[in-house]
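Reading through the structure tokens given below for one structure.
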Amino acid sequence: MPPKKNTAKKRAAGGSAQRIGAPLGSPPASPAPAFRQVSVELELPIESHSVVVQRPNIFFVCLSCHTQSTLGASPAPYFGFYHDKPPAQGGQAVLPQFLRLNGKFEVASCTLLSSTPIAVIHFIIGAHDEVITPVPLLSSYLQHFFPNGGYMYLEVVFSVATHKQIDEYTRMQEARVAELTQHLGRTGRAFVFFSNHSEQDSGWLFAGKVKGKFIAMSVSQVLCTVLRPYASTLKGAHMVFLVCGSVLEYEDPFVELKDAILELMVASAVIFSATRFQPLVATNFLLAMAELVIVEHLDLRKAFPTLLSLSSRLGQHSKVILMTLDLAADSPRLLVTTFARAHPQTQPWGVEVPAQCPTCGSTNSWSEKVAVLAFDESEDVDARDRATVASYLYSCTYPDCGKNQGAPPHKISINKPPGSILNVGRGKTNNWFQSPSTIFPPPASVPPSSVSSASFDTQDKRASSSDGNHSVLISLIPSMSDWYNSFEEILAEYKDDFLEAKDPESTRRRQVLRTVRDAIVELQETQDNPVDVPKALKRAIRRYYFQFITDEDDRQAEEEILEGDEERDQSGVSPEEREVNARPKEAFFYKKKLIDWDVALKLFKQEIDDYDKEEQRKMGVPHSIKYRTGHARRWFNNMTSAQRKEVEEARDKWNEEGAPPESQAIYRKRNLKKTLENFSEEIRRTMG
Ligand SMILES: [Zn+2]
Ligand SMILES: [Zn+2]
């Protein structure tokens, strides 16, 4: 007899059972038709057809195959049974009607379930309850996916602090490894947990107890001893370390950990960063991992955002580090990626805002964050005005903060690190931030000390080329946005003067601005390494003080001034920049030969709009679109010779080149200067 086929099933609480009309032992009634017992989800049009479809030369297409073959193409009725060959190759339907689908498409995101043997191996220090973990729960959950066998749970308790213990441990594993190897066969895979403590001052792992006391040893020593007997079964396994985060905090232990993972050739490893990690908090995450990765065979790296979104409150407790084996390179390597919970007020981009003000000791005293924006001048018209947040500012709201020290209330700034917010969270407060992956071992040219900041290969960058500009900006932020940190004392000294003036146009406020600017410039000149300050320094100072203005009228007046400044800026752009910015992207714009008028409308849109507004204001009529063309004509006829020249040059260029090339590299490069200038000047505040 052939061995029972191992299949993994999601078992539902419902199902089919034999129905009887009388107590067992009564005389038998006629048996139910065979087909009904085979499938509860599909119904033949007429029961007698069950004989027809069991003839030879009948080709059956399962619902999954049918769905897959029609999804991308056009829809088609599902007949299930075909003569000789599948419908795609011209097979004719056997039955006169389609098959009726009684069930529904179920929750599984894929139809491939693991039918290969699975073993959950749980390595645990000391005693089975020394570390409290969700592994037993996971095991009993997984076990039910394998009603016909194919599942095995192995708990490996270790204590390997002395030579005697090591010998004993190694000897004891022989029989179990043999059993495990047989279970897994050639295709089986292991889902491995390693539950242990780590020593918080060194990151070493606990090896076992000697005279009732735990002994810690180096990570490589412990992993080597414990895992070596199982090495042959761990290849391709998914491994989860339920260990305190100290292992990650120290360089050597973390390197040893990664070395071990690489050497074992496990497919992936997951580890948590919380210093006092509590494995039970990861239960939801691990259940999702068991279901999606172990049973459904989804790629762990691709499914990871989903796992995180299902992880409940794990993110409030710990960051999650994913390491996956990459065999595509010349030699095996690990891709290491950190995921952290992102919360706009307490942990933007996964960077924690301190719980306590370091100046006054208040807790929960931070103001609503103030976003410092970087403007992203991308080629996408919609995105052009979309600003990206470069950093968040928080100030202490305790009224006496800094009084004893004679300092202004404490302020902290959190800069956006490289990386991106995953698009999986439910709402703003439950999101995850993914840092760029690093490679282990680090590429030869990179000195080991900068491993953690080395960014993952160019593929990643290409994938996110749409924010190429953005990443450039980010790297410049520290020097650009921190000017006010560097001159904080000066800014603080004049803050009250500025606020007391209460009117942006007042001589007093202007005077304050001048004084502050002069003081900053003077100090800057004495610096060995002068801090970059925005070119339009007075305006930047205005913007800085703006956040402290509480008087409503004053605020509004300042806002108008700041906005007005921006408009004036626009007319200050160079002809080249104007041309690049104004050039329409849509190919249809270039279909007919462009004349000066077409080009001027694009190139000087702002100027024409302003002129139109001004003229309509003079006319004293309500603003109306109907005068616009007339005003535009008049503006066009009165262009300065410089403007006319710009129009003619752009006209020739646009007619010759057509729509701008899709490769936006050139565009970006040209715009970089402007973007950076804009950025340095447009440090704005928004509440949010
Ligand atoms: Zn099929
Ligand atoms: Zn404070």
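Tabulated data
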read-out	value
For Gly658: the one exception among (1) open to solvent by 40 Å² or more (accessible area, probe 1.4 Å); (2) within 47 Å of the chain's Cα centre (by Cα); (3) not charged (D, E, K, R)	(1)
Residue that is modelled with the highest pLDDT, among those in segment 367-385 that are assigned to a loop (DSSP other than H, G, I, E, B) and among the acidic types (Asp, Glu)	Glu368
Pair list, Cβ < 6 Å and 6+ apart or interchain, from segment 610-635 residues that are within 23 Å of Asp596 (Cβ to Cβ) to residues that are of a type in the set (A, V, I, L, M) and outside any loop (DSSP other than H, G, I, E, B)	Ala632/Ile608; Trp635/Ile608
Qualifying residue in segment 386-405 (condition: assigned to a strand (DSSP E or B), of a type in the set (Phe, Trp, Tyr) and either open to solvent by 30 Å² or more (accessible area, probe 1.4 Å) or modelled with pLDDT of 70 or more (or both))	yes
Members of segment 321-352 found to be open to solvent by less than 20 Å² (accessible area, probe 1.4 Å) and farther than 20 Å from Leu307 by Cβ, listed by number	Pro348
Close pairs from segment 50-63: first in a loop (DSSP other than H, G, I, E, B), partner more than 16 Å from ligand 2 (Cβ to nearest atom) and open to solvent by less than 100 Å² (accessible area, probe 1.4 Å), Cβ under 7 Å, at least 6 apart	Val53/Phe81; Val53/Val94; Asn57/His83; Val61/Gly80; Val61/Tyr82; Val61/Pro86; Val61/Pro87
Count of segment 149-181 residues which are under 22 Å from Ala290 (Cα atoms) and open to solvent by 60 Å² or more (accessible area, probe 1.4 Å)	2
Unmet criterion (only one of (1) in a loop (DSSP other than H, G, I, E, B); (2) at pLDDT 85 or above; (3) more than 30 Å from Phe241 (Cα to Cα); (4) of a type in the set (Ser, Thr, Tyr)) for Ser74	(2)
Qualifying residue in segment 198-215 (condition: in contact with an Asp or Glu (Cβ under 6 Å, 6 or more places away or on another chain), surrounded by fewer than 22 Cβ atoms within 10 Å (Cβ to Cβ), at pLDDT below 95 and over 25 Å from Glu179 (Cα atoms))	no
Selection within segment 495-513 - touching a Lys or Arg at 6+ places or on another chain (Cβ under 7 Å) and either outside any helix (DSSP H, G or I) or surrounded by fewer than 14 Cβ atoms within 10 Å (Cβ to Cβ) (or both)	Asp503
Cross-chain or 6+ apart pairs with Cβ under 6 Å, segment 537-548 first and in the same structural domain as Leu513 (by TED's automatic domain parsing), then assigned to a helix (DSSP H, G or I) and open to solvent by less than 20 Å² (accessible area, probe 1.4 Å)	Lys538/Leu513; Ile541/Leu513; Ile541/Val516; Tyr544/Tyr484; Tyr545/Phe498; Phe546/Glu558
Qualifying residue in segment 328-344 (condition: among the acidic types (Asp, Glu) and assigned by TED's automatic domain parsing to the domain that holds Val219)	no
Residues (open to solvent by 80 Å² or more (accessible area, probe 1.4 Å) and assigned to a loop (DSSP other than H, G, I, E, B)) located in segment 587-599	Lys591, Lys592, Lys593, Ile595
Residue in segment 52-95 that is surrounded by the most Cβ atoms within 10 Å (Cβ to Cβ), counting only those that are of a type in the set (S, T, N, Q) and away from ligand 1 (no atom under 11 Å from the Cβ)	Thr70
Gln37 vs. criteria polar (S, T, N, Q), modelled with pLDDT of 80 or more and open to solvent by 90 Å² or more (accessible area, probe 1.4 Å)	no
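The values are calculated or read from the model by the stated rules, or taken from the named source; none is laboratory data. Bear in mind that the values here come from a model prediction, so they are computed numbers and not experimental data. Here Cβ is always computed from backbone atoms with ideal geometry, including for glycine, and neighbour counts include all displayed protein chains. These area figures cover heavy atoms from the full protein model, side chains too; ligands, DNA and RNA do not enter into them. Shrake-Rupley method; radii C 1.70, N 1.55, O 1.52, S 1.80 Å.
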